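Working notes, structure below.
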Amino acid sequence: MAFSSSPQVFYGKAKLKKGLKERKEILFRNRLFICRQRGKISMCRKDMVTFSGDATSKENTDLEKVSCDFDKYVMKTYNRQPLCFSHGDGAWLWEQDGRKLLDFVGGIATCSVGHCHPKLIDAVHQQMNRFHHLSNLYYIPQQVQLAKWLVEHSCADKAFFCNSGTEANEAAIKLARKYGKVRWNCKKPIIISANKSFHGRTCGSLSATAQPKYQSSFLPLLPGFLYIDYNDTPSFLKMVDNIIQSSDDSRIVGVMLEAAQGEGGVMPGDEKFFQTVRQVCNQIGALMILDEVQVGMGRTGKLWGYEHLGIEPDIFTTAKGLAGGIPIGAMLCKSHCDLFEPGDHAATFGGNPLSCAAALAVCHIIEEEYLIENAKLRGMELQKGLEKLKQSFPQIISQVRGWGLLVGLQLEKEYTASQVIDVALEENLLVLSAGPNVVRLAPPLIVTQEQVQLALHLLNNVFKRLTWSN
């Protein structure tokens with residue numbers, strides 16, 4: 001399938017602007033400029049549409065109004081791209097003017113079964129027609145059905161439901177602390193986590209997130225967290241030894257790690273390192289906690305990230321892809337640390353019928369449509385193609401890494417992820433970052449071979465243009 005390059009409307013061979021704020025402002029103005037020109041420009045890529053002046057004018061107005069309203073009414077917690085979508089289908093998104101973009105962001109590894117999957121729509125619609133929320137004061141059949149599926153498809157014995165990944169990690173932290181209290185009457189519980197990790201932005205999960213850029217404005221953090229280097233066995237063993245030999249009442253109650261670091265640069269876990277952590281946790285009685293919020297539910301070509309590592313955690317968390325974009329989170333544990341009692345922990349919306357019905361539909365879609373196998377095969381094709389791009393553009397790409405459909409492109413220091421994101425947008429491809437110099441690709445698990453090849457073609461265009469501009 002051949003696709004021609006999109007027209008060079010304003011980038012050409014000009015230097016890409018540096019500085020996030022300046023670049024975004026320029027991109028926004030240029031984006032509107034393109035919209036105004038679309039009445040005159042015929043898009044030459046297959047499956048793209050030709051735009052009329054009337055539709056373009058309305059789109060300009062909508063985008064400008066939405067942007068102004070966001071500035072006026074919404075707290076600025078994101079640096080948003082100048083995009084406003086009307087609808088989606090599978091791995092595609094459409095802007096209000098009809099522009100079609102290939103989505104390799106997937107709601108940040110969340111839209112696991114793509115946009116508007118008919119079975120997910122049907123499940124949500126049917127549940128809304130019955131009831132969408134009940135208190136956890138009552139038995140909720142959809143909740144126990146989801147718990148049963150997750151337990152039967154993992155190493156866990158019990159499940160707790162909440163609304164997000166950070167909440168799931170908060171639950172894991174609380175459970176580890178209670179475990180230390182029940183087992184040892186521990187007064188100074190320690191949880192070890194990794195540098196460059198990301199476990200969430202609430203106070204407990206932020207304390208486990210060893211990245212100063214997220215923590216510095218919210219000090220002091222929750223005490224009892226110490227950090228090691230990810231995949232670094234000597235760093236871990238030294239930390240454990242120092243804590244054991246300390247004279248105070250500190251005790252390691254848990255080791256909390258991502259099976260693969262996402263925000264930290266798409267860094268897959270090292271099997272030997274994780275097996276060492278598992279052995280040490282067994283020896284000292286600590287809980288091994290895995291954050292599977294981004295990698296779980298089939299994204300890596302296996303249902304759970306820990307399956308790549310030859311270990312089983314005592315606790316693991318999941319969220320993003322669990323309900324394909326409907327808010328839900330879950331913390332799962334083995335029976336020996338199933339210690340929560342009524343009043344210990346809860347969530348008003350956790351495990352509500354609507355989110356659980358959506359998650360059950362996603363679970364069944366993943367099974368029925370063999371999406372784990374698809375993630376594995378498409379991921380292999382994607383990484384193979386990216387390795388070829390690395391050979392073609394060694395001055396830009398230094399490394400390709402990842403599992404399945406969570407892939408990172410490490411860029412040379414002269415290039416930033418923001419540059420790639422901005423140029424990719426003009427090539428009608430959505431990608432995101434995982435740090436200043438890492439481009440992250442996380443398409444829906446339903447992505448096709450043709451769409452992977454199209455993404456590679458568009459990225460080839462992106463890197464050509466970056467080469468011209470430097």
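The values are calculated or read from the model by the stated rules, or taken from the named source; none is laboratory data. Nothing here was measured: the structure is a model prediction, and the numbers come from that model. A quick note on method: Cβ atoms are made from the backbone with ideal geometry, for glycine too, and the neighbour counts reach across all protein chains shown. We work out accessible area using only protein heavy atoms, side chains counted, and drop any ligands, DNA or RNA first. Shrake-Rupley method; radii C 1.70, N 1.55, O 1.52, S 1.80 Å.
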query = How about segment 66-98: which trypsin sites (Lys or Arg not before Pro) there lie in a loop by DSSP and see at most 12 other Cβ atoms within 10 Å?
reply = LYS76
note = Taking Cα atoms only, helix 449-469 is inclined relative to the longest principal axis of the chain by an angle, in degrees rounded to 10, of 70 degrees
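All other residues with a Cβ under 11 Å from the Cβ of PRO141 taken together, and with Lys, Arg as +1 and Asp, Glu as -1, what is their net charge?
Details: positive: ARG130, LYS148; negative: none.
Computed value for this residue: +2.
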Apportionment of accessible area to carbon and sulfur, the chain, percent (1.4 Å) = 54 percent
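Just to confirm a number: summing +1 for Lys and Arg and -1 for Asp and Glu over residues other than ALA358 whose beta-carbon lies under 15 angstrom from that of ALA358, what do you get? Working shown, then result.
Details: positive: LYS119, ARG130, LYS320; negative: ASP122.
Spelling it out: positives minus negatives among the neighbours equals +2.
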inquiry  = If I ignore ligands, DNA and RNA and count only protein heavy atoms, how much of HIS345 is accessible to a 1.4 Å probe, in Å² to the nearest 10?
reply    = 50 Å²
ask   = Residue by residue through segment 132-147, which ³J(HN,Hα) values in whole Hz follow from phi under the Karplus form 6.51 cos²θ - 1.76 cosθ + 1.60 (θ = phi - 60°), with glycine and proline marked x?
value = 10, 9, 9, 5, 6, 5, 10, 6, 10, x, 4, 5, 6, 5, 5, 4
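For the pairs LYS181/LYS334; LYS174/LYS334; LYS181/LYS272, note any where the Cα-Cα span goes beyond 19 Å.
The pairs that break the limit, which is 19 Å between Cα atoms, are LYS181/LYS272.
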key: Calculated from backbone phi, Karplus (6.51, -1.76, 1.60) coupling profile of segment 337-354 in Hz, x at Gly/Pro   = 10, 7, 10, 5, 10, x, x, 5, 7, 6, 8, 3, 8, x, x, 5, x, 5
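Magnitude of the Cβ-charge dipole of the chain, K/R +1 and D/E -1, about the Cα centre, nearest 20 debye?
Numbers: 53 positive and 47 negative charges, 273 e Å.
Computed charge dipole of the chain: roughly 1320 debye.
Rounded, prolate or oblate: which fits the chain when a ≥ b ≥ c are the square roots of the eigenvalues of the alpha-carbon gyration tensor, with rounded for a/c under 1.5 and prolate only if a/b beats b/c?
Prolate shape, in that a/c is at least 1.5 and a/b is the bigger ratio.
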key: In order through segment 241-247: 3J(HN,Hα) via Karplus (6.51 cos²θ - 1.76 cosθ + 1.60), integer Hz, x for Gly, Pro   = 4, 4, 5, 5, 8, 5, 8
note = Where a ≥ b ≥ c are root eigenvalues of the Cα gyration tensor, a/c under 1.5 meaning rounded, otherwise prolate if a/b exceeds b/c and oblate otherwise, segment 293-358 counts as oblate
ask   = So who's got an amide H within less than 5 Å of the one on ALA260, skipping anything under 5 residues away but keeping other chains? H placed 1.01 Å off N, in plane.
value = GLY269
request  = Could you work out how far apart the two model spin labels at ILE244 and TYR78 are, taking each label as a point 7 Å from the Cα in the direction of the beta carbon, and quote it in nm?
outcome  = 4.6 nm
task = Please give every one of the aspartates and glutamates within straight-line cross-link reach of LYS76, meaning a C-alpha to C-alpha distance under 18 Å, and leave out same-chain neighbours fewer than 8 residues apart.
result = GLU22, GLU25, GLU64
request  = Would you mind checking which residues have amide H under 5 Å from ASP89's amide H? H placed 1.01 Å from N; only 5 or more apart, or other chain.
outcome  = HIS115
request  = Quick one: which residues, 5+ away or cross-chain, put their amide H under 5 Å from the amide H of LYS158? H built at 1.01 Å from N.
outcome  = CYS333
ask   = What number, in percent, do you get for the relative contact order of the chain if the mean sequence gap of Cα pairs under 8 Å and at least 6 apart is divided by its residue count?
value = 20 percent
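Run the numbers for ASP157 and ASN136: contour at 0.36 nm per residue of separation, minus the present Cα-Cα distance, in nm.
On the way: separation 21, 0.36 × 21 = 7.56 nm, distance 1.97 nm.
Fully extending the segment from ASP157 to ASN136 adds 5.6 nm.
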query = Using a 1.4 Å probe, what is the accessible area per residue for the chain, in Å²?
reply = 45 Å²
request  = Multiply the residue separation of LYS148 and LYS213 by 0.36 nm, subtract the distance between their alpha-carbon atoms, and state the gained length in nm to one decimal.
outcome  = 19.5 nm
request  = Would you calculate, for the chain, the mean residue ellipticity at 222 nm contributed by helices, counting each DSSP H stretch of 4 or more residues as -39,500 (n - 2.57) and dividing by all residues, to the nearest 500?
outcome  = -13000 deg cm²/dmol
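Once you've got the Cα coordinates, tell me which of LYS196/LYS464; LYS320/LYS464; LYS320/LYS376 are over 26 Å apart. Before the final figure, lay out each step's value.
On the way: LYS196/LYS464 31 Å; LYS320/LYS464 33 Å; LYS320/LYS376 19 Å.
Where the Cα-Cα span goes over 26 Å, the pairs concerned are LYS196/LYS464; LYS320/LYS464.
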task = Would you calculate the separation in nanometres between label points at LEU222 and SER469, each defined as 7 Å from the Cα along the Cα-to-beta-carbon direction?
result = 4.1 nm
inquiry  = Using only Cα atoms and rounding to the nearest 10 degrees, what angle (0 to 90) does helix 417-426 make with the longest principal axis of the chain?
reply    = 40 degrees
query = What is the extension gain from TRP94 to ARG201, computed as 0.36 nm multiplied by their sequence separation minus the C-alpha to C-alpha distance, in nm to one decimal?
reply = 35.5 nm
